[in-house]
Each structure stands twice: as C-alpha cells, then as structure tokens.
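> Mind looking over this structure? Questions follow.
Derivation of every value follows stated rules applied to the coordinates shown; laboratory data play no part. Note that the coordinates shown come from a computational prediction; the quantities given were computed from them, not determined experimentally. Because the Cβ atoms are built from the backbone with ideal geometry, glycine has one as well, and the counts that use them run over all protein chains shown.
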Amino acid sequence: MREPFCSRCCILCRLRPFVSSSALACFTAAGCAELAAEAAPEVRQLPCPSCKNPVAGNARVCPNCGHRFTHPFVMFLAALFVLALLGAIAQTMMEGSRTKASSSASSSTTPDWVDNDADLVISRCGKPDHEMNTAFDHPQPTLPSRFLTYKRAHLKFAYLAAGDSLGEAPPYKWKFVGIIDTRTNKALKAGELEQVLRSRLPCSIAPR
C-alpha cells in the first residue's frame with residue numbers, strides 16, 4: 001500500500017488512510033486538504049425527494065430543506081408490517097363470512113324432529129313460557145288444541161289437531177290457526193300478523 005505522503009508538504013502521515021475518520025481529522029489538523037481529499041472515500045450524491053438538491057447518499061437529513069431520509073431496511077420492515085396487517089384483516093373477514101354463512105344455513109335448516117307447526121315455532125324461538133295441551137285431557141275434547149305462550153312478546157300461538165292423526169291416540173299433528181294478543185286477549189287479524197311477529201317475536205318468521 002502506498003504511504004500517504006502529502007504532495008505539498010511531503011510529510012508522512014502516521015495514520016493509515018483506511019481509518020477514514022481519524023485520517024481526515026489528522027489531515028485537517030495538519031492543514032493538508034489535498035491529502036485529506038485523496039484519502040476520503042467518495043460518497044455518491046443522490047437528489048433529495050423534497051427539494052431535488054444533491055445530497056450525500058449516507059445522509060440522514062437534507063441540509064437544504066431538512067427532509068429526513070428513511071433507511072431502506074426500515075421501509076422494508078414497514079412494508080412487511082402493512083402486509084401482515086392486511087393479511088390478518090382479510091383472514092378475519094373471511095372467518096366472519098364463514099361464520100355468518102354457517103349460522104344462516106343452520107337457522108334456515110329445519111331439525112328432523114319438527115313435523116308440525118307448533119314444533120316449528122319451538123325450534124325457532126325456544127321453549128315457550130307456558131304451554132297448554134288438551135290432547136291428554138280426560139275426557140278428551142272432540143278437537144284437541146294446543147297453545148304456546150311467549151310472555152315477553154305477549155303472544156299466544158293457537159293450534160288444532162289435524163291430519164290423519166286426528167281420532168287416534170296422541171301425539172298429533174298440530175296445525176296453526178291463529179295468534180292471540182295476551183294484553184288484549186283478542187286474536188290478531190291476518191293482515192297484522194307479520195308486522196306484529198317481526199316487532200315482537202322475529203324468530204318465529206322464517207329467514208328469507
């Protein structure tokens with residue numbers, strides 16, 4: 001390796017030029033700018049994205065406009081974080097869609113044990129607060145009836161035994177005949193059934 005002699009003063013520098021920071025300090029203190037320029041590594045100039053003036057490639061802040069530069073590795077980590085976040089959001093949305101689809105499918109599927117109108121309402125809304133069934137009365141009425149009362153909704157569903165099971169021993173096939181408003185003890189009209197059920201007991205209506 002060539003000894004770092006100054007071409008002006010011909011003084012041998014005791015520090016090797018590859019120790020750039022110390023060599024520059026030594027050369028500057030000795031007043032030899034030419035040898036300092038020779039020993040200093042060349043730094044690539046890059047345009048500032050804000051003011052477009054040339055800035056050293058290893059600079060962290062633009063000396064002209066004060067724009068702060070982000071290290072490429074930091075930008076890489078930020079991109080990875082954004083991708084991971086977007087992936088997590090997409091996965092959450094997909095799981096929510098699957099859950100919603102499965103729940104809607106299960107709600108629209110009628111259980112195997114449902115074979116009449118009364119059991120259909122029970123399967124959708126749960127066990128009623130009160131149930132009255134005359135199928136097991138003695139003596140048994142000519143036309144057995146069944147009533148399901150949901151107190152919070154103030155509704156009583158009325159059913160009559162129907163079909164081939166009528167005239168035989170229970171259990172019977174129950175046919176829906178109407179709904180009674182327990183607050184007024186009057187039957188609801190056909191035209192207001194859907195509106196009342198949607199507002200008071202929406203679970204009783206089949207999902208569309």
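> Just how large is the dipole of segment 117-204 about the Cα centre, in debye to the nearest 20, putting +1 at every Lys and Arg Cβ and -1 at every Asp and Glu Cβ?
Approximately 460 debye in magnitude.
> Report the label-to-label distance for F147 and I205 in nanometres (one decimal), using points 7 Å from each Cα along the Cα→Cβ vector.
So the two model labels end up 2.6 nm from each other.
> Using +1 at the C-beta of Lys and Arg and -1 at the C-beta of Asp and Glu, which of P128, L148, G191 has the Cα lying farthest in the positive direction of the dipole of segment 117-204?
Comparing the listed Cα positions along the dipole, G191 ranks first.
> Another question, then. Kindly identify segment 117-204 as rounded, prolate or oblate by the Cα gyration tensor criterion: order the square roots of the eigenvalues as a ≥ b ≥ c, call it rounded if a/c is under 1.5, otherwise compare a/b with b/c, prolate if a/b is larger, else oblate.
Here segment 117-204 falls in the prolate category.
> To make sure I understand, if each residue's beta carbon is the centre and we count other beta carbons within 10 Å, what order do V121, V196, V82 fall in, fewest to most?
If I rank by nearby Cβ atoms, fewest first, I get V82, V196, V121.
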